[in-house]
Amino acid sequence: MTEKPNIVFIMADDHASKAISAYNAGINKTPNIDRLALEGMRLNHCYVTNSICTPSRAAILTGTYNHVNCVTTLETPLNNRLPNVAKHLQNNGYQTAIIGKWHLGEGKEYEPSGFDFWSVLPGQGDYFDPHFLEMGDEIEVEGYATDIITNKSIDWLKSRDQSKPFFLMCHHKAPHREWEPNPKYRDIFTDDIAVPDTFNDDYKNRAKAAAAAKMRIKQDITYDDLGLVQPEGGSEVGERARPKSNRRKIPNPSDVSEIRLIDKHTGEVFQFTTPEELHNFKYQRYIKRYLATIASIDDSVGEILQFLDDNNLTKNTIVIYTSDQGFFIGEHGWFDKRFIYEESFQMPFLVRYPAQITPGQVNNDICCNVDFAPTFLDYTGTVIPSYMQGASLRPLFENKTPENWSQTAYHRYWMHKDPDHNAFAHYGIRNQRYKLIYWYNEGFDLPGTNEGGEDKEWELFDCHEDPMELFNIYDKPSHQNVVLEMTRLLEQKMLSIGDQIEHQRLK
Ligand code: CA
């Protein structure tokens, strides 16, 4: 009888694949995360079904879409009586743990279930000296969140019952906003980082949602996001200083001589002579902080892989590195996520399993975070329950993608016009060539959403010809057959997973 594999699932929060060197972006180096690609497989087309934290996490745990698990927004917690992948693994003799970010609700009804050990951050958690909810108790731990989550994960691995296989979910808080690096990494990026080609996007030739979104680095990023204080708040400086929270947006005036920004740690003062200078400063500050938090995550992955090596666990352990969704790192001028547009829709996904996955593979099949739970169950010889809506990725990992693999990913974002980001509600589908999006623009009175009132709009993008998604070709006469085909595909998908169709259906 073969030994059941262990699973270490490492998930970051908001880590764009372009900020992983194994994805060839070239803006940073992540040698430890890259080890998984070298020794295993990189997926290029893994997608999230709803590009925000809470719903993605619910989809991963339950293997279901958000209209089924009811976690449609950031304000809709996961009822812990629902079955989830950890419960199934537990029933099959696995020892289970979740450490780090949870963000699926708090209190008896919403705390982690199915885990023998859990130690999770309340809400978003803090970067420094974070509190944890650990098996029902609240504790404070001194230090930097990423390092603490790493240590707790390794401690759990050390103290586990060695007679049982294990399933560990190590969920980092970083690189989530407000991108606070470990002080030792604060200044690791000295040279300017190239601004993405679409940084100065004019949002023409697209649905109104793109121009309406309040996610622009130039005008929507806050003092806290960039580790800055205003002149009147500049007294609190120093290594461990915690100046008062300042979620105010940094102004973007045409006369930039009014702006004076102060580094909250060093007290350094920044002034500008042109708007371009200010915009570049905001971008550089943003991307360098973001990447510096990722440096700690890369260390974490290195430490966990080292532990597996040192304890003869490497061969029989499936290690996954992913993020709860993608992220805009300056593309279209944005930070944040939420949209089905490629940067936030695509999840990084690397998997290593020396016993069964050939090293150095790259896979281009389309898959989704709803597929993760069935994958874990498949590899561990656990029955995949009928309620799960995803499919095991095992054939993809083994280079045996079935002929009838769907090659489509479905996305639905429900939080219409949330006050912070003003992103519009939409759903859509992507296949290997095209992406169809319907902006239905209604909040359905869900918590955290506003009313509708916007026009409905469609978008179609050619993912090969227009990978940056700058030209909506939905109304092009030459593409009406594609529109029809993609609409049919979208409807088939929505009917098969039981989601509610908001557009007028094809006859
Ligand atoms: Ca997230």
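Is it fair to say ASN312 is of a type in the set (S, T, N, Q), surrounded by fewer than 18 Cβ atoms within 10 Å (Cβ to Cβ) and modelled with pLDDT of 95 or more? Criteria met by ASN312.
Screening GLN346 with (1) open to solvent by 10 Å² or more (accessible area, probe 1.4 Å); (2) within 16 Å of the ligand (Cβ to nearest atom); (3) in contact with a Lys or Arg (Cβ under 7 Å, 6 or more places away or on another chain) gives one miss only, at (3).
Looking at the range 300-343, which of the residues that are away from the ligand (no atom under 16 Å from the Cβ) and part of a loop (DSSP other than H, G, I, E, B) is nearest to the chain's Cα centre (by Cα)? So the residue we want is GLY330. The combined condition, being within 16 Å of the ligand (Cβ to nearest atom) and touching a helix residue (DSSP H, G or I) at 6+ places or on another chain (Cβ under 9 Å), is fulfilled by ILE297. Within the range 349-375, restricting attention to residues that are farther than 21 Å from PHE461 by Cα and polar (S, T, N, Q), the residue that is surrounded by the most Cβ atoms within 10 Å (Cβ to Cβ) is ASN369.
Within the range 1-33, being away from the ligand (no atom under 16 Å from the Cβ) and touching a strand residue (DSSP E or B) at 6+ places or on another chain (Cβ under 8 Å) holds for PRO5, ASN6, ILE7, VAL8, ALA22, TYR23, ILE33.
The values are calculated or read from the model by the stated rules, or taken from the named source; none is laboratory data. The structure displayed is predicted, hence computed values, not measured ones. Virtual Cβ from ideal backbone geometry, glycine too; neighbours counted across all protein chains shown. Side chains are part of the model used for accessible areas, which takes the heavy atoms of the whole protein and leaves out ligands, DNA and RNA. Shrake-Rupley method; radii C 1.70, N 1.55, O 1.52, S 1.80 Å.
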